[in-house]
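Have a look at the structure below before the remarks.
Rule-based calculations on the coordinates, nothing more; no lab input. All of these numbers come straight from a predicted model, not from anything done at the bench. All Cβ positions, even for glycine, are placed from backbone atoms using ideal geometry, and neighbour counts span all protein chains on display.
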Amino acid sequence: MDEQNKISMEIVNPYAAGIDIGSRSHWVAVGQGSLDIKEFGIYNEDLFAIVEWLKENKIKTVAMESTGTYWQSLYAVLIANGFHVILCNGKFTKNIKGRKTDVQDCQWIQKLHSIGLLTGSFLPDESTEQLRTYCRHRLNLLDTTASTSKKMQKYLRLLNLRLDVVVNDVCGLTGLSIIHAICDGESNPEKLASLRHGNCKKSEEEIAKALQSNGRKDYLFALQQELEMYQILQTKIAACDLEIEKMLNEQINGDDNKKQHYIDKKAHKKINKNTPKNIDLNLMSYQLLEGVDILAIEGVSHSTVLSLISEVGLDGIKKFGTAKQFASWLRLAPNNKISGGKVLSNRIPKGSNRLKIAFRNAANAIGNLKESTPLADFFKRINFRKGRVSAVSATARKLAVIIWNMITNKTPYKNPEEYLFLDQKRKLGLVKRIKKQIAKFTLTPEELGLITNSVSTG
């Protein structure tokens, strides 16, 4: 074959290794030969053995897949020993169909990495990663708490205690007081109704009518068990909140630039019951983001801000070069597939993460706003044309763009009309299409009624 017709792939990373992560063993390839592949275990001594073998082969950079949570221990060891590690999504390292083995996988990863075809996934800094662990664990506790609350409602209904009908929240002030009394052996409806909190809209008489139990001991026992579980979970959540507050204070007090910022409380922002009680997220988020007030955006709650600072952090957001890259990482931007100059598909890719869910929840809250705001009006326009699901996705993407611009440019929240450039582009496109129709039918301005002949009178 002629030398000019040969296809060559330039070696970008000559000292590269590829690792196939497994639950029982790790396969490491430092080259494409049979002697360049070695299997290691997953214990701590095996991880350091991998490090020594890589050093013996003068490896400087390593690529691996983000397989479950199995990669994290090895990743930490490699980073601590000075290796440049690229953590890849598994879909970018797929091998040829019908030829999949652990040996071939690590060789394939090494080959792709050596010629520079792999890109690393986003990873937050160490402090943000630790904060993320606490926040994710807290969310898991909240999910378990919600399940326990549903079970309490179930056993209350089986006892013919229709507490869920007369109170908005069974685990609210009125609901928990009554449940505690029931579990302690109180069965008198009037006495139970007297535990009503002053904010409860229902009267004591109506509550008493709903609390006439059938006296089943088995259901009562199960209710007592679920109440104890609920109390334990609340204790665990409170302990988790203390650790989150501790980490936030460490990040703020360790940076004089963050510590100097101050902002007053927002009276219009409602605090959800699942929001950490003893943490001033309004002030702490303002300090962590170095003077950027994310809570000034309508629909953005304290939970949204907590998800933002724990999932990506300030330095993490700045890693994205543009707002489009940030929205694409969140899987809120359409994945345009173009061939032959035509757009074949522009669907939003599947998949989600916790920050995307938080932005979508904020977008849904914006859609529920009664007052007219630019973001709420934008939501309503998309909702009218394409439905609520599309409106939530579009508004969540717009929120991501606004927040990225606020943090990277250190600008306060402005009227988002300046971000609504897409509406202007649609209007210009509509004008262009109308002009084509006019040219097609050869209509004159006089025929369209745009110009009127003025008759002069003497």
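Read phi for every residue in the stretch 378-389 and hand back ³J(HN,Hα) as whole Hz from Karplus 6.51 cos²θ - 1.76 cosθ + 1.60, θ = phi - 60°, with x for Gly and Pro.
The phi angles translate into 4, 4, 5, 5, 5, 4, 5, 8, 10, x, 5, 4 Hz.
Before anything else, pin down the relative contact order of the chain: Cα pairs under 8 Å, at least 6 apart, normalised by residue count, whole percent. Could the numbers behind the result be given before it?
Details: 550 pairs, mean separation 45.6, N = 458.
This gives 10 percent for the chain.
Taking 0.36 nm per residue of separation and subtracting the Cα-Cα distance, what length does fully extending residue 80 through residue 370 add? It would help to have the intermediate numbers written out before the result.
On the way: separation 290, 0.36 × 290 = 104.40 nm, distance 5.28 nm.
Length gained, residue 80 through residue 370: 99.1 nm.
Give me the base-10 log of I(q)/I(0) for the stretch 262-421 at each q in 0.17 Å⁻¹, Debye formula, one uniform scatterer per Cα, rounded to two decimals.
Computed log10 I(q)/I(0) values: -1.05.
Pick out, from 363, 404, 312, the residue whose Cα sits farthest towards the positive end of the charge dipole of the stretch 268-418, with +1 on the Cβ of Lys and Arg and -1 on the Cβ of Asp and Glu.
363
Pick out, from 262, 224, 323, the residue whose Cα sits farthest towards the positive end of the charge dipole of the stretch 190-327, with +1 on the Cβ of Lys and Arg and -1 on the Cβ of Asp and Glu.
The one lying farthest along the dipole's positive direction is 224.
In whole Hz, with x marking every Gly and Pro, tabulate ³J(HN,Hα) for the stretch 291-307 from phi via Karplus 6.51 cos²θ - 1.76 cosθ + 1.60, θ = phi - 60°.
x, 9, 9, 6, 5, 6, 6, 5, x, 7, 9, 5, 5, 4, 5, 4, 5
Within the chain, what is the longest stretch that has no GluC sites (Glu not before Pro) placed in a DSSP loop and near at most 15 other beta-carbon atoms within 10 Å? Mind showing how you got there, number by number?
On the way: sites that count: 10, 186, 290, 371.
After excluding every exposed loop site, the longest remaining stretch is 11-185.
How large is ³J(HN,Hα), in whole Hz, for each residue of the stretch 132-143 in order, when computed from phi with the Karplus curve 6.51 cos²θ - 1.76 cosθ + 1.60 and θ = phi - 60°, using x for Gly and Pro?
Using θ = phi - 60°, the values come out as 4, 4, 4, 5, 5, 4, 5, 5, 5, 5, 5, 5 Hz.
Over what distance in Å are the Cα centres of the stretch 352-417 and the stretch 269-342 separated?
Cα centres, the stretch 352-417 to the stretch 269-342: 11 Å.
For the stretch 178-234, what log10 I(q)/I(0) values come out of the Debye formula at q = 0.31 1/Å, with one point per alpha carbon and no solvent?
Reported log10 I(q)/I(0), two decimals: -1.17.
For the stretch 127-252, with equal point scatterers placed on the C-alpha atoms only and solvent neglected, what are the log10 I(q)/I(0) values from the Debye formula at q = 0.10, 0.14, 0.16 1/Å, to two decimals?
Normalising to I(0) and taking log10 leaves -0.39, -0.65, -0.77.
Quick one, which of (i) 40; (ii) 17; (iii) 29 is the actual percent of Cα pairs over 42 Å apart calculated for this model?
Derived directly from the coordinates: (i).
Check residue 85: other-chain or 5+ apart residues with amide H under 5 Å from its amide H, H built from backbone geometry?
So residue 85 has HN proximity to 62.
Quick one: of the DSSP bridges fully inside the chain, what percent are antiparallel, nearest 5?
Working: 10 of 19 bridges.
Bridges in the chain are about 55 percent antiparallel.
In whole Å, how far is the Cα centre of the stretch 40-88 from that of the stretch 197-248?
If we compute the Cα centre of each part, the gap is 47 Å.
In percent, how large is the relative contact order of the stretch 41-144, given Cα pairs closer than 8 Å and 6 or more residues apart? Spell out each step's value before the answer.
On the way: 68 pairs, mean separation 24.7, N = 104.
About 24 percent, as a whole number.
For the stretch 262-421, what's the relative contact order in percent, using C-alpha pairs closer than 8 Å and at least 6 residues apart?
Working: 180 pairs, mean separation 36.7, N = 160.
Computed over the stretch 262-421, the figure is 23 percent.
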